[in-house]
C-alpha cells in the first residue's frame, strides 16, 4: 500500500483486532504482575499486624518457658530440701552410734 492509497475497511478491522489482542495481552501481563506483587509483598498495615502477632507469640512462649524453668527450679530446691532433711538425721544418728560404739570399747 502506498501513501496515496487509503486502507480498506477490512484492513482497518484487522489492524484494530491486532491492537485489541495486544492490549488484552498487556492487560493480562499487568494483572499477572500485580497478582505476583500481591503474593510477594504486603502492605505496611498487614506487615505491622503480622509483626505484632509474632511478637505477642514470642512473648507468650518466653513467658511459658520462664514459667517452666521456675517450676523446674522449684522442684530442684524441693529435692535439695528433702535430701538435706533426710540426710541430717541419718548423719546425726550415725555419729551418735559411732560415739556409743567408741564409748563401749
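Readers should treat all values here as calculations from the given coordinates under stated rules, not as data from a laboratory. Here the structure is a predicted model, which is why all the values come from computation and not from measurement. Glycine gets a Cβ as well: all are built from the backbone with ideal geometry, and neighbour counts include every protein chain shown.
Before moving on, here are some points about what is shown:
- A convex hull fitted to the Cα coordinates of the chain yields 184 cubic angstrom per residue.
- Rounded to the nearest 0.05, the FRET efficiency derived from the C-beta distance between residue 11 and residue 44 at R0 = 35 Å is 0.10.
- When the chain is treated as a Gaussian network with alpha carbon springs shorter than 10 Å, the biggest mean-square fluctuation among 53, 69, 11 belongs to 11.
- Contour minus Cα-Cα distance for residue 36 and residue 80 (0.36 nm per residue): 9.7 nm
- For the residues 92, 46, 58, a GNM of the chain with alpha-carbon springs under 10 Å puts the largest fluctuation on 92.
- In degrees, nearest ten, helix 44-104 long axis to first principal axis of the chain (Cα): 10
- Length gained on full extension, residue 18 to residue 103, computed as 0.36 nm times the residue gap minus the Cα-Cα distance: 18.5 nm.
- Against the chain, whose longest principal axis comes from its Cα atoms, helix 9-40 is set at around 10 degrees.
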